[in-house]
Ligand SMILES: Nc1nc2c(ncn2[C@@H]2O[C@H](COP(=O)(O)OP(=O)(O)OP(=O)(O)O)[C@@H](O)[C@H]2O)c(=O)[nH]1
Ligand SMILES: [Mg+2]
Ligand SMILES: [Zn+2]
């Protein structure tokens, strides 16, 4: 097998035991994308690989377009779910209708996004399904939470230019939200040649059908990557009660203006609290912070901060890694060939690169 030196690249998709890595520089014959396993050494160390990770690929077979991930560069940021590394923008997408917008669910998505410490953009999709007054009421409501949301519709084209402009800036954006809200439809509208699979919502509650199955990165403009992701319905709350408050823009805004009397104030009506209780989401915040404190008190190691999204992350040494259903392993050559063949077919069927 003709092999060559190691190359650096970016993990753009993961499927069960394999990942697609886009190399920084093309190899012979312009080969840019490699189907990669991961080195046994890496697998044994328990190192998880996420879409968005920068990796070193070794053992490249340019003819077969294969390689093996040998090392993962330290990641700057990690979104817990969907697991995506090195994100610079989290785009939370919810539908204004079909499925109906649930403000509690939306808040959970926003908290997960805020826990990355990166920019958060809220998109209200399917704006064509509600009367304008109802759309305006939602915009006003989330504005009070601290979000200038973008109403969009793939049917009327509303908001698409604004969204395209924002997503064409350099960086890595991830689209996250419940199933069936129109995440993949939005990306198709922004870039029709993506041709991502979409499916209608179903049932009385007009729920999504979990059409998108894997996280995958696409380039909307040079240097501007965006990840589509599988929808899910109930994001876990970030785990640390002491850090929960600052994931609410309302709290951050209040604390910019004044300080609470006690530095460990939990903003639940304590004397001298600068945040106060006079904001719409305060009731949810107070309930969640109570839940998290109870959970922390029950935990084996009290005081050990578990960081954001504890249920979907696990701690390895001093780093957090997402729990994934399936991890990469190094299969036999025969099953590798079979799998590669299947992957190739899946790609054609799914119409995705
Ligand atoms: N009325 C209306 N329907 C839309 C709009 N955008 C998407 N849809 C419909 O919503 C349904 C779900 O769209 P998808 O793009 O598959 O949703 P998704 O968020 O990617 O769902 P998952 O992949 O399951 O997470 C499809 O039937 C789309 O045609 C919109 O702007 N208006
Ligand atoms: Mg989808
Ligand atoms: Zn306070």
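Quick note: the coordinates plus some simple rules give every number you see, no bench work behind them. None of these values were measured; they are calculated from a predicted model. Counting neighbours? That spans all protein chains shown, and the Cβs are built from the backbone with ideal geometry, glycine included.
If you average the sequence gap of Cα pairs under 8 Å that are 6 or more apart and divide by the length of region 78-228, what percent do you get for the contact order?
Details: 278 pairs, mean separation 39.5, N = 151.
26 percent.
If packing is taken as the average number of other Cβ atoms within 10 Å across a peptide's residues, how do 207-216, 260-269, 22-31 rank, most packed first?
Working: 207-216: 18.7, 260-269: 14.1, 22-31: 12.0.
So the peptides 207-216, 260-269, 22-31, ranked by packing, come out 207-216, 260-269, 22-31.
Pairs of Cα atoms under 8 Å, at least six residues apart: use those to get the relative contact order of region 1-72, whole percent.
38 percent
Convex hull over the Cα atoms of region 241-305, averaged projected area in nm²?
On the way: hull surface 17.4 nm².
The directionally averaged projection comes out at 4.3 nm².
Using the alpha carbons of region 132-205, what is the convex hull volume per residue in cubic angstrom, as a whole number? Please report the intermediate quantities before stating the final value.
Working: hull volume 9.7 nm³, N = 74.
Value for region 132-205: 131 Å³ per residue.
Please report the antiparallel percentage of DSSP beta bridges with both residues in region 70-170, rounded to the nearest 5. Intermediate values should be presented prior to the final figure.
Working: 2 of 11 bridges.
Taking every DSSP beta bridge within region 70-170, about 20 percent pair in antiparallel fashion.
Students often check this: by mean Cβ neighbours within 10 Å, which of 188-199, 172-183 ranks highest, and how do the rest follow? Intermediate values should be presented prior to the final figure.
Working: 188-199: 15.7, 172-183: 25.2.
Top of the packing list down: 172-183, 188-199.
Let me check against my output: what whole-number percent is the relative contact order of region 241-305, with C-alpha pairs under 8 Å and at least 6 apart? Don't skip to the end; give the middle numbers.
Numbers: 46 pairs, mean separation 17.6, N = 65.
Averaging sequence separation for qualifying contacts and normalising by length gives 27 percent for region 241-305.
Using alpha carbon centroids, what distance separates region 139-205 and region 217-248, in Å?
Their Cα centres are 14 Å away from one another.
What value does region 160-244 have for Rg/Rh, both radii from Cα atoms and Rh as Kirkwood defines it?
Details: Rg = 14.6 Å, Rh = 14.1 Å.
For region 160-244, the value is 1.03.
Cβ neighbours within 10 Å, averaged per peptide: list 234-242, 40-48 in order, most packed at the top.
Values: 234-242: 19.2, 40-48: 15.1.
By packing density, highest mean first, the sequence is 234-242, 40-48.
As an exercise, take the mean of 1/r over every pair of distinct alpha carbons in region 78-228, invert it, and state the Kirkwood radius in angstroms.
Numbers: mean 1/r = 0.0650 Å⁻¹.
Kirkwood hydrodynamic radius for region 78-228: 15.4 Å.
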